[in-house]
Amino acid sequence: MAQLFVVHPENPQIRLLKQAAELLADGGLVAVPTDSSYAVVARLDDKAAADALRRLRGLDDRHHLTLLCRDLAEIGHFARVDNQQYRLLKMATPGPWTFILEATREVPRRVSHPSRKTIGIRVPNHRVTLALIEAAGSPLMSTTLIPQDEDDPLNDAQIIFERYGNQLSAVIDGGACPLQPTTVIDLTSATPEIVRRGQGDLSALGLA
């Protein structure tokens, strides 16, 4: 059964997040609030955890898992970014945006798209999420917590705990999140392509 960690959304208790990070290190899945909706995260280099993420969501291996990074510099370690892409990323991070970029060799194959060798990547604007990434010591694999065969993400930690308590190692309750997932923008072509509209004002990025 999952552990439930109740943390302050603006000043999360690091002691509790370190406990959650230990569960990730042991191969567990953890539900965490973000600036878009709740997400389920796992350790980056854990194949079994990546498979468990996909099973929980009912996803196949063609679906991008997203890397949650601490900052723009960390994005450059896992994705190839040219000057034009960098300017857009600098405007957009941190924030509720997921960018599809060409993956570097640092990204495990199970995380990148199997045929395109691309990766979804973002820097969330949420103190709890960023503190968990810091406690884990590296970016985390993630997927928006949208129940299988449903359209809307979950944003209530107690409901997540009741529905997924047997499939997760922990649920971090940092308060309610928005009910929209991130906006997904594909930057692998000459012109940015909006793959999914969600949180965030596209006009702020010059893409409306």
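The values are calculated or read from the model by the stated rules, or taken from the named source; none is laboratory data. Just so it is clear, the model here is predicted, and its values are computed rather than measured. Virtual Cβ from ideal backbone geometry, glycine too; neighbours counted across all protein chains shown.
Please specify each residue of the range 12-26 satisfying the condition of being under 18 Å from Ala176 (Cα atoms) and within 20 Å of the chain's Cα centre (by Cα).
Matches in the range 12-26: Pro12, Leu17.
Could you please find all residues in the range 113-136 being surrounded by fewer than 24 Cβ atoms within 10 Å (Cβ to Cβ) and at pLDDT below 95? If the condition is that a residue be surrounded by fewer than 24 Cβ atoms within 10 Å (Cβ to Cβ) and at pLDDT below 95, then His113, Pro114, Ser115, Arg116, Lys117, Thr118 are the ones that fit. Whenever a residue of the range 56-81 is touching a residue at least 60 places away in the same chain (Cβ under 8 Å), its partners that are among the basic types (Lys, Arg) and buried (at least 21 other Cβ atoms within 10 Å of the Cβ), lying with C-beta atoms within less than 8 angstrom and at least six residues away or across chains, give the pairs Thr66/Arg122; Leu67/Arg122; Leu68/Arg122; Cys69/Arg122.
Each residue in the range 137-163 was checked for being crowded, with 19+ Cβ neighbours inside 10 Å and assigned to a helix (DSSP H, G or I), and 2 pass.
If I ask for residues that are surrounded by fewer than 18 Cβ atoms within 10 Å (Cβ to Cβ) and closer than 12 Å to Asn125 by Cα, which ones from the range 80-99 would you list? Passing the criteria: only Pro94.
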